[in-house]
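**Student:** Have a look at this one.
What follows draws every value from the coordinates through simple rules; no lab data is involved. Bear in mind the structure is a predicted one, so any value in this text is a computation, not a measurement. As a convention, Cβ positions derive from the backbone with ideal geometry for all residues, glycine included, and neighbour counts pool all protein chains shown.
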Ligand SMILES: [Zn+2]
C-alpha cells in the first residue's frame, strides 16, 4: 500500500516535471559597462605601488551575463578589478535586487574580480574620499550592467567545452633545498619556498601543479548568433604595466577579441551584440609564462598576445559545443566562518620594533610592510564569514569563493565534482586573501605570510574546498 502511494506520488511529480520542462524557456542576455576610474583613484596595494590613476591605457569593464530558466534568474558579473571588498559587491547586489523588482535576488548573483593588477583594489574603503566615491560609482555601474542585460533577455541555448594551454602558465612558487632560502619578512629561517620575494641558490622544482584548462561557456540565441562567450583560465595576470595607467590586462583583450571577431557583420540595433567575458579560475600560485612563445614584449604587449591568442582558440572550439535549450538553473550560497591568523604578542612586539627602527635592522626588504600589516591584522575580528557559491546550469557547474585560490584546490574541485563540466571562479563576492593549502603553509613563502592579503586560518583551504564540494553534491541531488 505504502509502495503504491509512493509510486502515485512519483508519477505526479514526474508529470509536473514534464509539464514544466515542456513550458520552460531558457533566456539569456549579456551587457557591459565601463568602470574606468577617474584620475587620482588609488591603484596601490601594500606591495604594488601603481597609483594613483594618471591615464587609461585600455578601459576596464563590468561584464554581466544574465540567465533564466523556470523563473530562476541569475547574474554572473566579472569586473576588471584587482579585487573588491564584500561591501562594494553587496551594495551592487542590493541595487540589482531593487531595480529588477527582486527578479534577480541578492542570493542569485555572483560578482567577481579578474585580478588585473592595473585596476583599483576596491577594498580599503575610507582610504581617500576619491576612492570612496569610486567604490560607490562602481557598485552602481556593476548594477547597471546587470540591469541592461536583464532588460534584453531573449530565448537562448548554452553549452560548454574546454581546451588546454599548459605552456601559458607557470607555478610561481618554487620548492628549494633545505637551508637555501633566506630569512622571511619576519626574520624567520627554514622556509622552503622562493616565490615573488626572496632568493635561493637551491631551487628544486615548482612547488605545485598548474591547471592548464581553459573553459569556454558559450551562450547563443536560438538561431545560433553568439550572445556571450565566457572564458575561464588560471593565470594570475600578464602585467607589463606603466605606473598610473589603468588596464584590464589579458582579461580585457580576450573579451575585446571575442567581441570583435564574433560581432555580426550587419548588426541589428534591436538585437544586442556579443559580449566577451574572462574570469579567473585559480591564480593564487600561478603566473603567466610570458616568454613561452619565444617573444619579447614591451609594456602592455604580452597581455594583448595572451588575450587575443586565447580568444581565437576559444572561438575555434565553439562549433564543437553541444547546446542545451532548457537547462535547469540553480544557485546556492553558504556562509563559512573561518578563523583569522591575527598576530600574537611576540609578532606585535616585533612589528613595533621594526616600525620604530632603522631600515638597516630589517631582515627583509618588505619587513616594514609586514610590520605595518601586523598592526592592521591586530584590528581584525577573531573570525570572518566568507560567502561560497555553487551554480548549476544544466550539466555545467561553477564553484566560487572570495580568495586567491591555488591551482591544486581548483584541480581537486574539478576532479571530485559530481558535474564533469565544472570550473571555478575566484575573488568572488568579496575578498578573502590568498588560500594556500596547509602543505603550502608549512613550506612558507610570500603567499603564506600573514597580512591583509593572507589572513585566513591554515585549514581554510580544506574547509572551503570540502564545503564547495558538498554544495556541488547538493546541486546534483
Ligand atoms: Zn596579485
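**Student:** Exposure proxy check: 401, 79 ranked by fewest other beta carbons within 10 Å? Mind dumping the intermediate values first?
**Tutor:** Working: 401 29, 79 32.
Fewest-to-most ranking of 401, 79: 401, 79.
**Student:** Now a separate question. Please check which bits of segment 156-194 a label hung off residue 361 would reach, taking the label as a point 7 Å along Cα-to-C-beta and the cut-off as backbone N under 17 Å.
**Tutor:** Under 17 Å, as judged by backbone N against the label point of residue 361, lie 185-188 of segment 156-194.
**Student:** With equal scatterers on the alpha carbons only and no solvent term, can you work out the Debye log10 of I(q)/I(0) for the chain at 0.09 1/Å?
**Tutor:** -0.60
**Student:** Highest first, please rank the peptides 27-34, 245-252 by the mean number of other Cβ atoms sitting within 10 Å of their residues. Don't skip to the end; give the middle numbers.
**Tutor:** Numbers: 27-34: 21.2, 245-252: 28.1.
Descending packing order for the listed peptides: 245-252, 27-34.
**Student:** Please report the relative contact order for the chain, taking Cα pairs under 8 Å with a sequence separation of at least 6, and give it as a percent rounded to a whole number.
**Tutor:** 17 percent
**Student:** Can you pull the percent of Cα pairs in segment 101-223 with separation above 20 Å?
**Tutor:** On the way: 5259 of 7503 pairs.
Roughly 70 percent, once rounded to a whole number.
**Student:** Let me ask something additional. Hey, what angle do you get for helix 460-476 against the long axis of the chain, alpha-carbon based, 0 to 90 degrees rounded to 10?
**Tutor:** 0 degrees
**Student:** State the percent of C-alpha pairs, over all pairs in segment 313-399, separated by a distance greater than 17 angstrom. Numbers along the way, then the final one.
**Tutor:** On the way: 2581 of 3741 pairs.
Beyond 17 Å sits 69 percent of the P(r) for segment 313-399.
**Student:** Å³ per residue of the Cα convex hull, for segment 203-251?
**Tutor:** Output value, Cα hull per residue: 110 Å³.
**Student:** With axes computed from alpha carbons, what is the tilt in degrees of helix 367-378 against the longest principal axis of the chain, rounded to the nearest 10 within 0 to 90?
**Tutor:** It is inclined by approximately 60 degrees.
**Student:** Let me ask something else. What three numbers, in Å, describe the spread of the alpha carbons of segment 39-78 along their principal axes, ordered from the longest?
**Tutor:** Largest to smallest, the principal-axis extents are 47, 22, 13 Å.
**Student:** So, one more: Given N residues in segment 172-303, what is Rg(Cα) / (2.2 N^0.38 Å)?
**Tutor:** Working: Rg = 20.3 Å, N = 132, 2.2 N^0.38 = 14.1 Å.
Compared with the compact-globule rule of thumb, segment 172-303 sits at 1.44.
**Student:** For segment 99-155, restrict the atom set to alpha-carbon positions and state the Rg and Dmax in Å.
**Tutor:** 14.0, 45
**Student:** Beyond 13 Å, what share of the Cα-Cα pairs of segment 176-223 remains, rounded to the nearest whole percent?
**Tutor:** On the way: 740 of 1128 pairs.
Looking at segment 176-223, the distances longer than 13 Å represent 66 percent of pairs.
**Student:** Here's another thing I want to ask about it. Determine, for 305, 26, 423, the number of other Cβ atoms within 10 Å of each Cβ, and report the residues in order from fewest to most.
**Tutor:** On the way: 305 19, 26 24, 423 30.
Placing the least packed residue first, the sequence is 305, 26, 423.
**Student:** Continuing with this model, one more query. Expressed as a fraction of 2.2 N^0.38 Å, the rule-of-thumb size for a compact globular protein of N residues, what is the C-alpha radius of gyration of segment 26-140?
**Tutor:** Working: Rg = 14.9 Å, N = 115, 2.2 N^0.38 = 13.4 Å.
Compactness ratio reported: 1.11.
**Student:** Whole-Å semi-axes of segment 436-477's equivalent ellipsoid, largest first, each the root of 5 times a Cα gyration tensor eigenvalue? Could you put the intermediate results ahead of the total?
**Tutor:** Numbers: eigenvalues 142, 20, 8 Å².
Equivalent ellipsoid of segment 436-477: 27, 10, 6 Å, largest first.
**Student:** Most exposed first by the Cβ proxy, i.e. fewest other Cβ within 10 Å, how do 228, 82, 171 rank?
**Tutor:** Result, fewest neighbours first: 171, 82, 228.
**Student:** Give me the distance between the Cα centres of segment 81-113 and segment 191-219, rounded to whole Å.
**Tutor:** What the calculation gives is 32 Å, centre to centre.
**Student:** Report, to the nearest 10°, how far helix 249-262 tilts away from the longest principal axis of the Cα atoms in the chain, using its own Cα long axis and a range of 0 to 90°.
**Tutor:** With rounding to tens, the tilt is 20 degrees.
**Student:** Same structure, new question: Please report the spacing between the Cα centers of segment 128-163 and segment 409-477 in Å, no decimals.
**Tutor:** 25 Å
**Student:** Please report the equivalent ellipsoid semi-axes of segment 336-383, computed as sqrt(5 x eigenvalue) of the Cα gyration tensor, largest first, in whole Å. Please list the in-between numbers first.
**Tutor:** Working: eigenvalues 115, 19, 11 Å².
Its equivalent ellipsoid spans semi-axes of 24, 10, 7 Å.
**Student:** Taking the simple approach of a point 7 Å from Cα along Cα-to-Cβ for both residue 106 and residue 299, what is their distance in nm?
**Tutor:** According to this spin-label approximation, the distance is 4.2 nm.
**Student:** Oh, and also: According to a simple spin-label model (label point 7 Å from Cα along Cα-to-Cβ), what is the distance in nm between residue 154 and residue 320?
**Tutor:** Inter-label distance under the simple model: 2.9 nm.
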